[in-house]
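Comments concern the structure below.
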Amino acid sequence: MRVGNNPNKDLEYQDKEYFNQIIMPVYIPYLKEYFKEALDILKLSLNSIFATVHTQKTYITIVNNGSCNEVLDYLNELHAQNKIQEIIHTENIGKLNAILKGLAGSNIPIVTITDSDVLFLSGWQHETFQIFNSHSNIGVVGLTPQFKMFETNAHNLIFDTLFSKKVKFETPQNPQALVAFYKSLGWKDNYNKDYLHKILTLQLKNKKVCVGSGHFVASYRRTIFEENTSYIAAKMGAGSENYLDEKPLKKGYWRVTTFDNYAYHLGNSIEEWMLQYTLQPTDKELQYTAHKNNTKQSKLIYIVKNKLFARLFKQKWIRNYYYKIKGLSPQERKEY
């Protein structure tokens, strides 16, 4: 039997003015073998977030995607300390489905989706928002420059800026960070060294960025997820990650990455430099300029830019001509 009235009935929800939601799916099923140091890596990653974000404007969502009890206890403790605002416990439903759960139930304008082995660097959040504020076409901002990012899911940007002088190959801001990223993936040092000397950039109103973006850590405009599916029938791979890649393109948004490096990939093992890295708390006010939603793109335009033009761009003579007009030397064009 119900006695009395619920004191919260009919109360209007007072939404806090968060600007940035961070969603991190966490899958650490046990602490041995591949996952032996995964909890320590997770702690480094989360502590780097706590140390670098604007706490009053940042809403942190952790999706515990079937992790072991040690991880569960650690995350619950963080939630009890109010270091993370939301924790979702579930069995292993796959990375993307965990992200979809994190996206539900909020309307925060910028969403940062990150793996649980990312070291965030000082200034990343302010730089990300500055880039979003610089141009209404920017839909995705990555934090780690990588080799030839423009070849994947950036053909609409290339199409839109084909003959613009604002797009050109330039010397990377931080070549050593590029080296560190591929070392963290276990790559051998036998890649084309021209990739360390030339990267495709776009000059915005007051910011320079790299063309294209990866997705192990990136920020998205919330408007990208206005129409969202609720379930993807794949835990990892099998095209599941393509969902996050395709959504911005279908709304005409560009994918870019910060010109400097603002995050490191940690992998699954602790190294000495990770423990010695010093992070500075932000002292800059976080501001977001809302742009008109860039959602009016026909299916035909989407196909022309992201399918037909992407196929044309694979033609060697077209690609070489593009490399030429964007600043690569004849020798660089041969191997790039």
Note to self: So in region 132-154, with the set limited to residues that are crowded, with 24+ Cβ neighbours inside 10 Å and of a type in the set (A, V, I, L, M), which one is nearest to Leu200 (Cα to Cα)?
What the structure shows: Ala154
Next item on the list: Return the residue satisfying two criteria in turn: it lies in region 277-336 and is within 30 Å of His126 (Cα to Cα) and aromatic (Phe, Trp, Tyr), and of such residues it is farthest from the chain's Cα centre (by Cα).
Entry: Tyr277
Note to self: The conditions are (1) in contact with a Leu (Cβ under 9 Å, 6 or more places away or on another chain); (2) at pLDDT 90 or above, and Phe181 fails exactly one of them. Which is it?
What the structure shows: (1)
Item checked: Subset tally (residues that are among the hydrophobic types (A, V, I, L, M, F, W, C), under 20 Å from His54 (Cα atoms) and either at pLDDT below 80 or surrounded by fewer than 10 Cβ atoms within 10 Å (Cβ to Cβ) (or both)) for region 268-308 -> 1
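Given the criterion among the β-branched types (Val, Ile, Thr) and at pLDDT below 95, identify the matching residue among Thr152, Thr144.
Thr152
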Checklist line | strands (runs of 3 or more DSSP E) within region 141-220 that include 2 or more residues over 30 Å from Ile270 (Cβ atoms) and touching a Lys or Arg at 6+ places or on another chain (Cβ under 7 Å) | finding: 167-170, 199-203
Next item on the list: Please state which one of Ile60, Ile87 is more than 20 Å from Thr128 (Cβ to Cβ) and either assigned to a strand (DSSP E or B) or among the polar types (S, T, N, Q) (or both).
Entry: Ile87
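The values are calculated or read from the model by the stated rules, or taken from the named source; none is laboratory data. No experiment lies behind these values; they were computed from the predicted model shown. All Cβ positions, even for glycine, are placed from backbone atoms using ideal geometry, and neighbour counts span all protein chains on display.
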